[in-house]
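The next block holds one structure in the form of structure tokens; read it before the comments.
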2 protein chains.
Amino acid sequence: MRIVIIGGVAAGPKAASKIIRLNPEAEVTIVEKDKYLSYAGCGLPYYVSGEVKEQKELMCTPVGVVRDPVFFQKVKNVRVLTETEALEIDRKGKRVLVRKMQEGVGEWLSYDKLVLATGSDPVVPPLPGKELKNVYTLHGVHDAEGIKAFLQGEQAKDVVIVGGGLIGVEITEALTHRGCRVTIVEKMPQIFGMLDWDLAKLVMQHMEAHGVKILVDTEVQAFQGEGEVREVLTNKGVLPAEMVIIAVGVKPQVALAKAAGLKIGATGAIKVDERQCTSDPDIYAAGDCVECRDLVSGKNIHMPMGSTANKQGRVAANNICGVQDAFPGVLGSVICKVFDYSVARTGLTEKTARELKYDVVTAYAPGPDRAHFMPTAKPLFLKLVVDKKNRQLLGAQAAGPGDADKRMDVSVLALSNHMTVDQLANMDLCYAPPYSPAMDNIITAANVARNKLDGYLESVSAAEVKAMLEEQKDFVFLDVRSPAEYEEIRLPKAILIPLGALRGRLQELPKDKPVVAFCKISLRGYEAALVLKAAGFKDVKVMDGGIAMWPYEKEQ
Amino acid sequence: MRIVIIGGVAAGPKAASKIIRLNPEAEVTIVEKDKYLSYAGCGLPYYVSGEVKEQKELMCTPVGVVRDPVFFQKVKNVRVLTETEALEIDRKGKRVLVRKMQEGVGEWLSYDKLVLATGSDPVVPPLPGKELKNVYTLHGVHDAEGIKAFLQGEQAKDVVIVGGGLIGVEITEALTHRGCRVTIVEKMPQIFGMLDWDLAKLVMQHMEAHGVKILVDTEVQAFQGEGEVREVLTNKGVLPAEMVIIAVGVKPQVALAKAAGLKIGATGAIKVDERQCTSDPDIYAAGDCVECRDLVSGKNIHMPMGSTANKQGRVAANNICGVQDAFPGVLGSVICKVFDYSVARTGLTEKTARELKYDVVTAYAPGPDRAHFMPTAKPLFLKLVVDKKNRQLLGAQAAGPGDADKRMDVSVLALSNHMTVDQLANMDLCYAPPYSPAMDNIITAANVARNKLDGYLESVSAAEVKAMLEEQKDFVFLDVRSPAEYEEIRLPKAILIPLGALRGRLQELPKDKPVVAFCKISLRGYEAALVLKAAGFKDVKVMDGGIAMWPYEKEQ
């Protein structure tokens, strides 16, 4: 059996290794247009930051062997053609035309099965000056080397990142570590479009505290300079820039597939079935070049991730070798380190869920990520999105210095199994003080959702409160924290009655006015609301997330 | 509605708070025999170690308010009677006889619903000398204060811990941090009976490397000394001991329930239904005093955990207030910090699964807990137990310096949802290099299990190899790592042929002898086995877990 694999970064080498394991007699050839293969693209920001010392480490096996063509030949019995371009697929003849890039002559490789692992390309908008020196994308090893060389050559002072998505934020952190002054220019009203606005706002505040300048609602119009970039022109003014990194997203690399007449999905990526098979039964595709099913909404999305590429490469290999296997889909799970914060999400955001016409309840749970008395405990801000109809989890988001990845991966399994928040709240998660509170954060979040679904907790979002304050609505904004907490930090116009004193001071509050209660995390706020309701107050709500997740200015 | 709750540590206060939230008019009384209530018992080892500085912190809310009777009265509207003993339940009259402990007079408290949250007591074997000074258990704040006072009073040199379970190990770590020389005496062949032997062995080696002496298969016969303990007499000799901590387990406190004629389960704990209701419809029970269902085996077990107590307290409160709620059961999830290791488990061990007659496959996955090129990556040793019949996960164990809790909590959800390893392997877990490898450890472990279930990977355990070596069986013990790795550390009698050289050196190996291949983590070992099988070798197996999880002596 002859297998040709086009693409040698993640899905391609994974498929090759698995095919050889299942069928040692197979003749497997990987065609890769770059000099490098099987490198960890997701590690590039950490190579730029210096955390990863050598480029080689991104291309090594865990025991330090470089995954070069010799390695693939000797260890895996896989032939690798680097710096070789695939030019054309002849589906009838079942062959691929390839050409060594420096040389001019093409060669046809015959296949029984073909795997497309062509990956994605960075989107570069057609802006004037994009060809100037020191205008980069961060997509491959060459980009990272270029950026590093520039940083070494002279003290970089001003860098503009175009786009506040995942890669834009990761490289922002790396460059800030390297001493640069970084400005992110984002055309949308928030960076991290994968998060709801309120969580994104907390992350933006954290980045700003680390010296990053973030310009939202701002569009880049041109890069300016003589030979080298010097300025970025936006609709809101000019920014100094000795380096620019364009990180406005990637698009699937589908030119070959399209030319060969394979079906392309509405997302622009190659359409595959659960077996990773394209519309041609002898051609499989995996990784950044394909679209996959969103497990919550059922819609097809393009969600390029190294983790998905590896799984899909394995599924394609199994099916090619006659072993039944199916890739179910993705949840759009994402995690990102942003200075001292971990930021993560999975499933649907509140925004997306509402756009898809779900009737949703949201639950906010800020709190320490382990037993609060442990000195290692750190704050974590959690938000769940829940389907009111069936009480199932729809999505989860987390941000903060605390352990976000554990709670998100737990949410991934809850989503994949269509669990209700009632089920989630009783999971027997591992507990010891150095690892979690006795009631884990995700369990508390699930319980907050249950309290809302059952009508015990009526809430109002921070954004709604902010609007009420701005419109000078007549309501009682009731802070039930302690005087010490109040002294440290306050919300505008809030009056303080500590929860412990509330029962004795009810007569200070007008029963006919709406009340919005809160505390640090709105647990005491919830208890205060119950006390007020029991005392005959009619319109009492709790502010979601408390002062911990208030995304606006606070008074100090 | 009058509610009486007996027990004020975890389940009791949780039930009280929730009842008041659901029904602010309820008259709730907590009866607690100790002076302290609502303290974090699981935090005691960290108070002894000094990580938690003040006793008060264990009794505070996350914002630093001490949960004393005044707090409960003012904030929660719950009456608390401390240092008050419940002596008798009059089920017909629906009342409880209580007595303030220093005073002599009893008082009957009437109830509409009663909650038993009586907790558990440490087991103290009837050994001679157990009443000597400085012989402790670690069950309450008083014990911790006693131990701390002793450590302050004079430089403790020799401490003997009786029992190598969770609490024994936690206090061992705490006392080692405090400069003590600690010996654990365990009557079973391993400490950490909740783990399989091979994982426990790795943990024991780690503890020994931190100076802890561990005596297994050893029984304590007496404590000796004049007034104060000086020695521990065992069946294997005498150990010096200036302090002894007995940590051989806890037993549910069921005296009141028993005397009242409530049903007690085979485990010795109170029998409750899913609603946490006892055999009396007006009496509920929650926490360490009840038994619960093991979600994998379906059997009832006694698994006292603070996390479970909190959940059950909430479920009891809901049902008392007429809100339907059910506690499904537990998985025996446990986690523990042991010096630089995290040690965790959930579901069935291999040993328990085999005792319960499951046909099991085990999968070992040692490896870095995040992208191997990240300087923050640390090793983690994972073991999965899988049901051969339906490919469902039965249990998971983890140990090592790496992030164990995340992988165990993911396993908790996989177990709770009866997931197969095939489903687990395709979960869209959050990936970025600072958080996990592209293929998360748990996904790799699931794939190892799949390779075994599908017959691609034939394995042999380290224990079986050890036996083969000791019986001088005639087989090839094939190390396929690199020369550099071999130079650093080796297994006895293994011969080295690096994987990359194997295809060219096949003639050095006899085709008629059994071969056991391995590498650091047995991935290359697996590839080597496939190469040998393809070349006509008939009897080729891979050693589970590689050299990383070899629990015996290595050659350096």
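See the values below:
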| item | result |
| --- | --- |
| Whole-Hz ³J(HN,Hα) from phi, Karplus 6.51 cos²θ - 1.76 cosθ + 1.60, for the range A:282-290, glycine and proline x | 9, 10, 9, 8, 7, x, 4, 8, 10 |
| Additional length obtainable on full extension of the chain from residue A:323 to residue A:464, 0.36 nm per residue less Cα span | 45.4 nm |
| Beta bridges by DSSP in chain B, antiparallel share as percent, to the nearest 5 | 55 percent |
| Ranked packing of B:320-326, A:315-321, B:335-341, most packed first, by mean Cβ within 10 Å | A:315-321, B:335-341, B:320-326 |
| Percent of beta bridges antiparallel (DSSP, the protein assembly as shown, rounded to nearest 5) | 55 percent |
| Dipole of the range A:470-509, positive direction: furthest Cα of A:498, A:476, A:486, with charges on the beta-carbon | A:498 |
| Residues whose placed amide H lies under 5 Å from that of residue B:222, excluding near-sequence neighbours | B:233 |
| Average beta-carbon neighbours from other chains, 10 Å sphere, peptide A:333-339 | 4 |
| Label 7 Å beyond Cα on the Cβ vector: residue A:90 copy-to-copy distances, nm | 10.0 |
| Averaged over A:525-535, number of beta-carbon atoms from partner chains that fall within 10 Å | 3 |
| Exercise: per-residue mean of other protein chain Cβ atoms within 10 Å, B:450-456 | 2 |
| Listed pairs B:389/B:538; B:187/B:357; A:113/B:388; B:383/B:554 exceeding 23 Å between Cα atoms | B:389/B:538; B:187/B:357; A:113/B:388 |
| Shape of chain A, Cα gyration tensor, a/c cut at 1.5 | prolate |
| Residues of the range A:52-80 with amide N under 16 Å of a point placed 7 Å along Cα→Cβ from residue A:2 | A:79-80 |
| Distances in nm from residue B:210 to the matching label points in the other copies, shortest first (labels 7 Å along Cα to Cβ) | 3.0 |
| Inter-label distance, nm, simple model (7 Å from Cα along the C-beta direction), residue B:501/residue A:472 | 8.6 nm |
| ³J(HN,Hα) computed for each position of the range B:225-234 - Karplus, 6.51 cos²θ - 1.76 cosθ + 1.60, integer Hz, glycine/proline x | x, 9, x, 9, 5, 10, 8, 10, 8, 10 |
| In order through the range B:422-427: 3J(HN,Hα) via Karplus (6.51 cos²θ - 1.76 cosθ + 1.60), integer Hz, x for Gly, Pro | 5, 5, 4, 5, 10, 4 |
| FRET efficiency, residue B:63 to residue A:35 (Cβ-Cβ, R0 60 Å, nearest 0.05) | 0.60 |
| Relative contact order for the range B:459-549, counting Cα pairs under 8 Å that sit 6 or more residues apart, in percent | 34 percent |
| Chain B: relative contact order as a whole-number percent, Cα under 8 Å and 6+ apart | 10 percent |
| Cα gyration tensor, the protein assembly as shown - rounded (a/c under 1.5), prolate or oblate | oblate |
| Rounded to 10°, Cα long-axis angle of helix B:441-453 versus longest principal axis of chain B | 60 degrees |
| Helix-only CD estimate at 222 nm, as mean residue ellipticity for chain B, using -39500 (n - 2.57) per DSSP H run (n ≥ 4) | -7500 deg cm²/dmol |
| Shape category assigned to the range B:340-453 from the gyration tensor of Cα positions, a/c cut at 1.5 | prolate |
| Sorted peptide list for B:399-407, B:72-80, criterion being average Cβ within 10 angstrom, highest first | B:399-407, B:72-80 |
| Ranked by how many other beta carbons lie within 10 Å on average, peptides B:53-61, B:280-288 from highest | B:280-288, B:53-61 |
| Extension gain (nm, one decimal) between residue B:359 and residue B:552, 0.36 nm per residue minus Cα-Cα | 66.8 nm |
| Chain lengthening between residue A:110 and residue A:209 when straightened (0.36 nm per residue, less Cα-Cα) | 30.0 nm |
| Relative contact order (%) - criterion: Cα under 8 Å, at least six apart; region: the range A:1-104 | 26 percent |
| At R0 = 35 Å, FRET efficiency that the Cβ-Cβ distance of residue A:513 and residue A:389 yields, to 0.05 | 0.55 |
| Calculated FRET efficiency for the pair residue B:83/residue A:351, C-beta based, R₀ 45 Å, to 0.05 | 0.25 |
| Approximate spin-label separation residue A:54-residue B:487, in nm, with each point projected 7 Å along Cα-to-Cβ | 1.4 nm |
| Copy-to-copy label separations for residue A:555, where each label sits 7 Å from Cα toward Cβ, in nm and ascending | 7.6 |
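Coordinate-derived values only; no laboratory data. What you are looking at is a predicted structure, and each value in this text was computed from that prediction instead of being measured. No Cβ is skipped: glycine too gets one built from the backbone with ideal geometry, and neighbour counts run over all protein chains shown.
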